1. Kindly indicate whether Thr23 is touching a residue at least 12 places away in the same chain (Cβ under 8 Å), open to solvent by 30 Å² or more (accessible area, probe 1.4 Å) and either assigned to a loop (DSSP other than H, G, I, E, B) or closer than 23 Å to Asp112 by Cα (or both).
2. Taking into account only those residues within the stretch 26-42 that are without any contact (Cβ under 8 Å) to a residue 12 or more places away in the chain and out of contact with any strand residue (DSSP E or B) (no Cβ under 7 Å at 6 or more places or on another chain), which is farthest from Leu55 (Cα to Cα)?
3. Would you point out which residue out of Glu17, Glu35, Glu94 is of a type in the set (D, E, K, R) and under 16 Å from Trp147 (Cα atoms)?
4. Here are the criteria: (1) open to solvent by 50 Å² or more (accessible area, probe 1.4 Å); (2) on the phi < 0 side of the Ramachandran plot. Tell me which single one Phe149 does not satisfy.
5. State which residue is modelled with the lowest pLDDT when the search covers only the stretch 2-14 and only residues that are among the β-branched types (Val, Ile, Thr) and more than 10 Å from Lys151 (Cα to Cα).
6. So which residues in the stretch 126-144 are surrounded by 13 or more Cβ atoms within 10 Å (Cβ to Cβ) and either in contact with a helix residue (DSSP H, G or I) (Cβ under 6 Å, 6 or more places away or on another chain) or closer than 17 Å to Thr104 by Cα (or both)?
Amino acid sequence: MAATQRRGRRIMMTDTERDTYLTEQRTCRVATVAEDGRPHIGALWFTWDGDSLWLYSITRSLRWSQLRRDPRIAVVVDDGVEYGELRGVELSGEAVPVGEAPRTGEPCPGLDVPERLFAAKYFGMDTMPHDGRHAWLRLTPRAVTSWDFRKLAGPTTA
């Protein structure tokens, strides 16, 4: 289970707010660790099933090779332009490959839910198209931190 957020309780998202936010957002930034310890960050599409973040990554990417060597990962999903609009979620833990890599669509019951969610979110389809270049990574976070600076605004008067 994910660690409890200690700082920023005033701006922390509730579980329901976090789940809604992660379901609606489209792009995340994924940080992996290079062999020499340097971070590598790249953008990905994802889906959230309420427990795990599912990342659909090209298997011939630097990210994929780094995660095979060191599965530690941090992911940020955020948005907002002005300071009072900033909100987001950071999740960290270990990435676990699920299904065949690259994914060609062989039956894999563990991927039924994330593929259905992903296909609907990004392609407006009921079933997942497979290109033989991507595969799934599951992040069941050990730590989750969230923020919603909109909560800092005082009550408004009409």
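The values are calculated or read from the model by the stated rules, or taken from the named source; none is laboratory data. For clarity, every value in this text was computed on a predicted model and none was experimentally measured. Backbone-built Cβ (ideal geometry, glycine too); neighbour counts: all protein chains shown. The protein model used for the area step is the full one, side chains on, heavy atoms only, and it has no ligands, DNA or RNA in it. Shrake-Rupley method; radii C 1.70, N 1.55, O 1.52, S 1.80 Å.
1. Values: touching a residue at least 12 places away in the same chain (Cβ under 8 Å): yes; open to solvent by 30 Å² or more (accessible area, probe 1.4 Å): yes; either assigned to a loop (DSSP other than H, G, I, E, B) or closer than 23 Å to Asp112 by Cα (or both): yes.
Yes, satisfied.
2. Per the criteria, the residue is Asp36.
3. Details: Glu35 fails: under 16 Å from Trp147 (Cα atoms); Glu94 fails: under 16 Å from Trp147 (Cα atoms).
Every option except Glu17 fails the conditions.
4. (1)
5. First, pick out the residues of the stretch 2-14 that are among the β-branched types (Val, Ile, Thr): 4, 11, 14.
Of the ones still in play, those that are also more than 10 Å from Lys151 (Cα to Cα) are 4, 14.
On the way: Thr4: 54, Thr14: 93.
My answer is Thr4.
6. Correct list: Met128, His130, Arg133, His134, Ala135, Trp136, Leu137.
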